[in-house]
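Asker: Dumping the structure here so I can ask a few things about it.
The values are calculated or read from the model by the stated rules, or taken from the named source; none is laboratory data. Worth saying up front: this structure is predicted, and the values here are computed from it rather than measured. In this analysis, Cβ positions are derived from the backbone assuming ideal geometry, glycine residues included, and neighbour counts consider all displayed protein chains.
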Amino acid sequence: MPRKQAPQQSYAPPLPQSHTLVQLGAPQGSNNFLCKDALGGERLVEISKSLKRMKGLIVMRGDYAIIKLFPTAPEENVRLVGEIVYILEKGDVKEWKRAGQWPPSFSADGLRSQLTEEKQAALETSEGEETDQSDDGRQSE
């Protein structure tokens, strides 16, 4: 008789209040990762025990994951704030985008539009400075 499998928890949008969608950053040793949330805040999280047991799981920098935050008091100075409970695969990312719940800061288009807006702002300020300089150099008769 086959072994009974534990039911898989769904991590489709929307997430519970204690869960957050993040992008994993640099590994910090001993199954800890620095991650960035949709608002740009960085947190240190660890891989959960259930994920550690999975033989074929490879966690890499740049992967998207769902973390469960530990309940902490605001006055506590805790460095480790949560655990990684699920690593999103390409199909999961597509599902989030289809549902309209994917944060724009995580999408490549969102990053590109943010960079182009910054470039346009820089060009406008540099053009404004050039016109100010050319106006100063003219002599009126």
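Asker: Suppose we filter the range 78-114 for residues that are within 24 Å of ARG43 (Cβ to Cβ), surrounded by fewer than 13 Cβ atoms within 10 Å (Cβ to Cβ) and at pLDDT below 85; how many remain?
Answerer: Within the range 78-114, residues that are within 24 Å of ARG43 (Cβ to Cβ), surrounded by fewer than 13 Cβ atoms within 10 Å (Cβ to Cβ) and at pLDDT below 85 number 4.
Asker: Assuming PRO74 fulfils every condition listed in (1) modelled with pLDDT of 90 or more; (2) out of contact with any Ser or Thr (no Cβ under 9 Å at 6 or more places or on another chain) apart from one, which condition is it?
Answerer: (1)
Asker: Same structure, new question: Among the candidates LEU15, LEU51, which residue alone is in a loop (DSSP other than H, G, I, E, B), closer than 18 Å to PHE70 by Cα and not basic (Lys, Arg)?
Answerer: Unique residue meeting the criteria: LEU15.
Asker: Which ones in the range 39-48 are surrounded by 15 or more Cβ atoms within 10 Å (Cβ to Cβ) and part of a strand (DSSP E or B)?
Answerer: Of everything in the range 39-48, those that are surrounded by 15 or more Cβ atoms within 10 Å (Cβ to Cβ) and part of a strand (DSSP E or B) turn out to be ARG43, LEU44, VAL45, GLU46, ILE47.
Asker: Now for a separate question. The conditions are (1) at negative phi; (2) touching a residue at least 12 places away in the same chain (Cβ under 8 Å), and GLY40 fails exactly one of them. Which is it?
Answerer: Every listed condition holds for GLY40 apart from (1).
Asker: Additional query: Restricting the search to the range 83-95, which residues are closer than 19 Å to MET60 by Cβ and either touching a residue at least 12 places away in the same chain (Cβ under 8 Å) or not assigned by TED's automatic domain parsing to the domain that holds THR20 (or both)?
Answerer: Result: GLU83, ILE84, VAL85, TYR86, ILE87, LEU88, ASP92, VAL93.
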